Structures are given as C-alpha cells and as structure tokens.
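The values are calculated or read from the model by the stated rules, or taken from the named source; none is laboratory data. Since the structure is predicted, the reported quantities are computational estimates derived from the model, not experimental observations. Cβ atoms come from the backbone with ideal geometry, glycine included; neighbour counts cover every protein chain shown. Side chains included, ligands, DNA and RNA excluded: accessible areas come from the protein's heavy atoms. Shrake-Rupley method; radii C 1.70, N 1.55, O 1.52, S 1.80 Å.
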Amino acid sequence: MLVLGIETSCDETSVGIVRDGKEILSNVVRSQVDIHKIYKGVVPEIASRKHLELIDAVLEEALREANVSIYDIDLIAVTNGPGLIPALLVGLTTAKTLHLLLEKPMVPVNHIKAHLYAPFLEGNTLDFPYIGLIVSGGHTALFLVKSFVDMDFVGSTLDDAIGEAFDKVARLIGLEYPGGPAIDKLSQYGDPYRFDFPIPILDWDKNRYNFSYSGLKTAILYTIRKIGELSEKDKADISASFQRVAIEALVQKVLRLVKDTGIYKVVIAGGVAANSYLRKRFKEISEEYNLKVIIPSLKLCLDNGAMVAGLGYHLYKSGIVGDIHTDVFARDWFIPRGGRVSL
Ligand code: KG4
Ligand code: ZN
C-alpha cells in the first residue's frame, strides 16, 4: 500500500511517500526557517502563506523522487494537529482535495504520535509496550505505547516545552533562531558545570512524570543579568550548563518511569531528539541500565511527511479514516498543561 503523508503543522512543508508503513520512497522537506529567523520565531500567518506557495511543488517533487504517479497512491495521510491552525489548514485542505479528486481514503494523523513512529521507518523493530518520550518545540511528553494506535499519555510539561526553552535561552544569549541547533553547537565549546542551574525535576509525588522548563529559563535570565555583558566564553558556558540540566531532567523522568513500569524500552523523538548531548547521555544510560533506547536519525527527528505516512498506514489498517468534515486542532485534549494521569 502506497501512502502519501502531508505535514504542515509548523514551519516545514513536507510530503513523504511510504510503502506499507515501512519503506520510504521519498521524503521532501522544505524548511521556512530563513523567513521566520527575521522574527526570531514562527509567525503562523506567514507559515501558512509559505505552505500554500510550496505545497504543490513539494508534492510534485515527492512523487517524482518516489517515481510514482499520484494515481498510484492508495491512501492520503495528513497531520491535522497539534500545531498552528493556519499552517495545518493548508495541509488538511490539500489532503481533502486529493481525497475527493482521486477517490482515495484519507486519514488524519496526530503529529506527536507520528514523531514516535519515525524510527520504524529505518528498520528498527520493538515489541510493545514501550515508553515514548516526545521532545519538540511544542511538547515534552511521556507515553506508554501499547500499539501504534494505542498510546497512554503519562505526563507532560507544566509550562514551556523543552524545545521552546532551547529557543528562549538562545534568544537570551543572542543566538540565532532556531535556538536548539545553535545551543547544541555552542555547548561543545562550553563548560557544562560552570553554572549550577537547578535540574527541573519537580516533586516525585504529584508531578512524578511531569516536566517544567520555565523556572530554568528564569534562572538563566537572572544569571545573564548578573554577568551583564556576555563574553563568547560566558555564552558557551551558559549553553552547555543549560543543556546539561535540561536533558538531565528527561533522563531522570524516563528512568523513573522505567523503574515504575519495568519496561526497559524507550523511543525518543521530536526535534530536540536531534540534540547531540541528549543522544550521548541516553546512550550512556542505555548501557548503564541495560535499557533499549531508540532515537531516529537526525533527518527523521525533525518534522517530515514520511512519519505521517508511516503512522497513517497503521491508523487506516485499524479502521480510522477522515472525511470532508475532519478538522484541525491546536492542542491535544489528552495533554493537559499540568495534568496528571496515574498509571
Ligand atoms: O519537532 P520539531 O521539528 O517541531 C515541533 O513539532 O515543534 O521541533 C523543533 C524544535 C525547536 O524548538 C528546535 O530548537 C529544536 O526542536 N531542535 C533542537 C535541535 N534541533 C532542533 N534542540 C536541541 N538541539 C538540537 N540539535
Ligand atoms: Zn514536530
């Protein structure tokens, strides 16, 4: 079965074509980062207009690269949330148009869950259940994955997402947008122990599996104010110290969930999973605790259409379809800010 996946939830316009939920035939991604850089963040209306400009060409390129015709496509999968409403609407409208014109089924896909599917497009296999950790610009959340279509929400950030924290700290020290890759790079030259920023762990009772990043951001703001004019060395040290504690909170929470559930398998996905220190740290943890940790390759960590097509295949096989009334949504109802779900 050939599935076309469309992704326009934020600032990447992407179309991927995937066979049987496994084999990527093409995965074209056009980033709008250069446009949003000027504003130091994604402007939803501009993202939407850019998606509209790019989507036809990206679709054509994906078909050309996969060497298939649009008439060969059996299913159209599309991200319908969470994300920026004006941006999501472009992808969903494209999907609905193809659905009606080609008379092929369409399936709406949750963007966060699609991220967790990315490693299975690279030959990885893992028995259910496993722990899923999403670390992106909009989310920091833990799931118990019982099947590709059945994931229990376990915890999330109470305030900022980890990617958001990377972006905000980068802005505080005058780095370019997006801040994640910039901090990752600069940290290589910094001392991760110069600043003793608090590890945002929260309490182990009420917020056992939740995260919080706004306090850390504030601690960094005060440090910067105290220093005044930042030298290049200060910037690198702040980056490395921030990165160390931001990632350590993930490590501690994942280990807690591993111990509580006895499930020694973890998939980490989303933009921040591209972070080199995160990858190094979880490798150490996996060796120390005999934990199987799967993180997608760098290009599949970021938003892309192939992960949408991949998960869409399984959703469709389990009987889920969309139609002309399918709508977009900005936030997940099952991820309350500050919510707590007991296992
Ligand atoms: O998953 P994603 O592409 O978009 C969302 O769905 O949010 O994630 C984007 C986020 C941004 O906050 C970006 O700064 C962060 O991922 N990011 C990184 C790295 N590469 C991207 N954060 C830390 N280190 C990186 N290497
Ligand atoms: Zn994403």
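Would you confirm whether or not the stretch 238-253 contains a residue that is part of a helix (DSSP H, G or I), within 16 Å of ligand 2 (Cβ to nearest atom) and touching an Asp or Glu at 6+ places or on another chain (Cβ under 8 Å)? No, because not a single residue in the stretch 238-253 is part of a helix (DSSP H, G or I), within 16 Å of ligand 2 (Cβ to nearest atom) and touching an Asp or Glu at 6+ places or on another chain (Cβ under 8 Å). When 191, 184, 203, 196 are checked against the criterion of being within 20 Å of the chain's Cα centre (by Cα) and among the acidic types (Asp, Glu), a single residue qualifies: 184. Checking the stretch 281-293 against the condition returns a match, with at least one residue being more than 16 Å from the chain's Cα centre (by Cα), in a strand (DSSP E or B) and aliphatic (A, V, I, L, M). Among the criteria (1) crowded, with 17+ Cβ neighbours inside 10 Å; (2) at pLDDT 90 or above; (3) more than 14 Å from ligand 1 (Cβ to nearest atom), the one residue 29 does not fulfil is (3). One residue stands out among those in the stretch 1-49 that are away from ligand 2 (no atom under 16 Å from the Cβ) and part of a helix (DSSP H, G or I): the one that is nearest to residue 112 (Cα to Cα), which is 48. Of the residues making up the stretch 207-237, those that are among the β-branched types (Val, Ile, Thr) and surrounded by fewer than 16 Cβ atoms within 10 Å (Cβ to Cβ) number 2. Considering the conditions (1) within 16 Å of ligand 2 (Cβ to nearest atom); (2) open to solvent by 30 Å² or more (accessible area, probe 1.4 Å), residue 192 is excluded by exactly one of them, (1).
Here residue 136 fulfils each of the conditions (1) modelled with pLDDT of 95 or more; (2) among the polar types (S, T, N, Q); (3) within 15 Å of ligand 1 (Cβ to nearest atom) apart from (1).
Condition (residue is closer than 13 Å to residue 11 by Cβ, open to solvent by less than 50 Å² (accessible area, probe 1.4 Å) and in contact with a Phe, Trp or Tyr (Cβ under 7 Å, 6 or more places away or on another chain)) applied to the stretch 41-60: is it met by at least one residue? Yes, that holds for at least one residue.
Can you confirm whether residue 75 is surrounded by 17 or more Cβ atoms within 10 Å (Cβ to Cβ) and either more than 16 Å from ligand 1 (Cβ to nearest atom) or at positive phi (or both)? So residue 75 passes the test. Checking each residue of the stretch 86-106 against the condition of being touching a Leu at 6+ places or on another chain (Cβ under 8 Å) and among the β-branched types (Val, Ile, Thr) gives at least one match. Candidates in the stretch 262-317 are the residues that are among the polar types (S, T, N, Q) and more than 12 Å from ligand 1 (Cβ to nearest atom); of these, the one that is most open to solvent (accessible area, probe 1.4 Å) is 290.
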